[in-house]
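A short write-up of the structure that comes next.
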Amino acid sequence: MTLLVKSKRQILDKLGIEKLNPMQLSAINTIQEENEVILISPTGTGKTVAFLLPLLSLINPEIDQTQIVILTPSRELAIQIEQVTREMGSGYKANAVYGGRAIAKDFQELQHPPTILIGTPGRIADHLRRGTISVRNIKTIVLDEYDKSLEVGFEKQMKEIIYELPFIERKILTSATDKIDIPLFLQLKNPSTIKFEDHKKGTLSIKLVPSPTKDKLETLHALLNHIGKAQGIIFCNYKDTIQYVSDFLNQKGISHGTYFGGLEQRERERSLIKFRNGSDKILLSTDLASRGIDVPEMDFIIHYQLPNKEEEFIHRNGRTARMHHDGTAYVIKWSEEELPEFIRGIPTEKLTERPNPPSSKWATLFISGGRKDKISKGDIAGLFFKQGNLSKGELGMIELKQDCAFVAVPKSKMHKLIKALNNVRLKKKKVRIMKIE
C-alpha cells in the first residue's frame, strides 16, 4: 500500500500536480472499488488524470499485452490522453490510433502491444476487424466523452467494439454532461455515478454585441480591439466562414490560428500547440474546439455565428470561465438576426475604440527530435539556455512528441536562435530547428 501511495505521488510530481481536486479523489476511490463508473464533470476539471491514476494501479505488470482500451470522440483527445499517459512516466506503453494518419504507422506501433490503447471508435473497430489487437487480456474499457461519440455518429462502431471485447470486466464512462442517456448496448448493470457538475468554476459573463452589417466583420474587429491582449476562441459554424474571417483578420494585421475538420491533422495539432504556448492569442474554430481539446484557460470566446442548438452554446461557453478563471462570452448579432430562445435577455456590451490588440511576443520553433531519440524537455531547455543564451524567463512552453518537439521562444530572438542551434546535436541526434507558420 505504501508503494502505491509513493508511486502515485511520484506520478503527480511528474505531472506538476500538487494536490488532486475533490472530483479526482472521489473518482479514484470509486474506480478502485467499482467495476462500472459514470463520471460527470465539466471540461477542464482533470477527468483524464482521474481515471488514469486508479487504472494504472490495476494493471497486471506480468502481462505484456493490451489491458486497457480508451475510446475518444476525436483524434485530438486521443493524442492528448496519450501525451498525459506518457508524461505520467508509469513505465507502461501507451499508443493512440485514429483516422487521419497512416495505418502503417499503427501496425508498426502495435507490433509491440501497448498496455494502454487509446483511439477513436472508427480506428479501434478497424483494428479489431483486422485482428491486429489481441483481446484476451483487455479487461477495462473507458469511453471518454461518450456523449460526444454518440453525437458524432460513432454508435455503430462503439457497439461493434463492445461486442468484440468479450472479456471486459470494468467499464468507465466520462462526460461533461448527463443529458444523453446511457446506450443499452453498453450493458451496464449497476453503475456508480460521480457527479461534479458544480465543480469550482469562474464566473461567466455573456454579452451581446450588435452589428449593423450582416457580415459582422467590422464589428468583430472593433470587439477584438475592445478586448485587447486577452486570449480566446472565435467560433464559426462553417469552415468556409473561418477562411473568410481569417482573410479579413490577416488584412487587419491580427495574428491568429485556425482549427477545423478540413485541416490536415498536422496543421490542426500545430494550431493547438501555438495557441497553448501563446504564439497565437486568437483561435478561429468550428465547434470542433468546443470540447475534447487541451487548451489553456482563456479570457473570452466569441460567437461570430450563432450556434444552432443550446447544447452547442453551452459547450462553446464552457471553454472559458473554467476552474477559478473568470471569462466572457460575446454574442455578435446582426440587427435583423433573431436570437434563439436560449440566448435572449443578455446585456449589451458598449465597445470602446482602441487600436489593434498587440501581437504575441512568442514564436514557435520545431525541433526534429523527440522521445524516441531519448530527448527530454530538460535536454531541450539546456540547449536553449547554454547554446542559445536564453535566460530563464525567455524560454516558453516545451511540448515533446514521439519524433519531434515544439518550443516557444521570444519572437525577437527567433532568427538568432535558429542560426545558432539548427543542425546541432541534441543527445546523439543532429536536429533541425525551424519556425512553424
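Values computed for the structure shown
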| quantity | calculated |
| --- | --- |
| Enumerated helices (runs of 4 or more DSSP H) restricted to the stretch 50-144, each holding at least 1 residues that are in contact (Cβ under 8 Å) with a residue 60 or more places away in the chain | 75-87 |
| Flag for LYS374 being on the phi > 0 side of the Ramachandran plot and in contact with a strand residue (DSSP E or B) (Cβ under 9 Å, 6 or more places away or on another chain) | yes |
| Selection within the stretch 155-184 - of a type outside the set (Lys, Arg), exposed (fewer than 14 other Cβ atoms within 10 Å of the Cβ) and either touching a residue at least 12 places away in the same chain (Cβ under 8 Å) or in a helix (DSSP H, G or I) (or both) | TYR163, PRO166, PHE167, GLU169, ASP178, LEU184 |
| The stretch 377-404: number of residues that are of a type in the set (A, V, I, L, M), farther than 24 Å from SER359 by Cβ and in contact (Cβ under 8 Å) with a residue 24 or more places away in the chain | 3 |
| Residue match in the stretch 214-223 (condition: surrounded by 16 or more Cβ atoms within 10 Å (Cβ to Cβ) and under 16 Å from THR320 (Cβ atoms)) | yes |
| Candidates LEU339, LEU351 - the one that is assigned by TED's automatic domain parsing to the domain that holds SER271 and either closer than 30 Å to GLN305 by Cβ or at pLDDT below 95 (or both) | LEU339 |
| Residue in the stretch 379-398 that is outside any helix (DSSP H, G or I), among the β-branched types (Val, Ile, Thr), surrounded by 14 or more Cβ atoms within 10 Å (Cβ to Cβ) and not assigned by TED's automatic domain parsing to the domain that holds GLU269 present | yes |
| Meets criteria (surrounded by 15 or more Cβ atoms within 10 Å (Cβ to Cβ), free of Cβ contacts under 8 Å to residues at least 60 places away in the same chain, farther than 12 Å from THR364 by Cβ and of a type in the set (S, T, N, Q)) for ASN422 | yes |
| Any hit, the stretch 298-318, residues being touching a helix residue (DSSP H, G or I) at 6+ places or on another chain (Cβ under 9 Å), farther than 27 Å from GLY44 by Cα, part of a loop (DSSP other than H, G, I, E, B) and hydroxyl-bearing (Ser, Thr, Tyr) | no |
| Residue count, the stretch 13-62 (criterion: farther than 26 Å from GLY318 by Cα and either modelled with pLDDT under 85 or among the charged types (D, E, K, R) (or both)) | 6 |
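The values are calculated or read from the model by the stated rules, or taken from the named source; none is laboratory data. Because the structure is predicted, anything quoted here is derived from the model rather than measured. Counting neighbours? That spans all protein chains shown, and the Cβs are built from the backbone with ideal geometry, glycine included.
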